[in-house]
Amino acid sequence: MKRFATYALALTGATLLATTAIAQSNDNNAGVKVGTLTCSVQDETSFVVGSTANLNCVFDPAGTGAKTTYRGTINDYGLDIGTTSNATLVWGVLAPSADTKPGALEGSYGGVTAGATLGAGVKANALVGGFDKSIALNPISVESQTGANITLGVSQLTLTSTS
């Protein structure tokens with residue numbers, strides 16, 4: 001168990017460093033921060049080589065706009081060992097312009113994921129996609145989760161507007 005804790009701590013540190021670099025890189029290319037997307041993870045199924053989960057999400061625009069709800073599916077491919085529960089994902093949403101319409105986040109996204117959990121832990125996903133692959137989802141806080149898990153690989157997220 002001590003060995004797992006050591007690996008989990010090392011992976012968490014690497015995750016935070018890599019996520020910061022990805023987020024800064026995307027900040028320079030994607031445009032304007034248009035809001036925050038918060039997703040609660042439901043029905044997660046893990047395999048040794050990946051996982052899949054359903055998401056219930058709320059987009060909170062940075063300006064004066066109505067919140068938009070989305071239903072989503074996230075698939076991780078790569079190393080994914082263990083189980084988690086009570087997970088929440090939070091992303092800063094960047095778009096080419098501040099003028100985004102309701103449902104603008106609908107579409108497919110892809111990117112990298114890494115995380116570690118032993119009791120309580122973190123996971124980060126940096127994703128690009130949506131309309132014309134012009135929207136970036138940068139983790140402004142990493143996913144909080146409980147359980148025992150190590151994840152490292154790529155992620156695919158699909159969002160559908162329910163508003």
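Values in this text are rule-based calculations from the coordinates and carry no lab data. All figures in this text were calculated on a predicted structure; none of them were measured in a lab. Quick reminder, even Gly has a Cβ in these numbers, built from the backbone with ideal geometry, and neighbours come from all protein chains shown.
A few points about this structure:
- Label-point separation in nm, ASN54 to LYS101, each point 7 Å along Cα→Cβ: 2.9
- Remark: the LYS33-ASN86 segment gains 16.4 nm on full extension, using 0.36 nm per residue and subtracting the alpha carbon distance.
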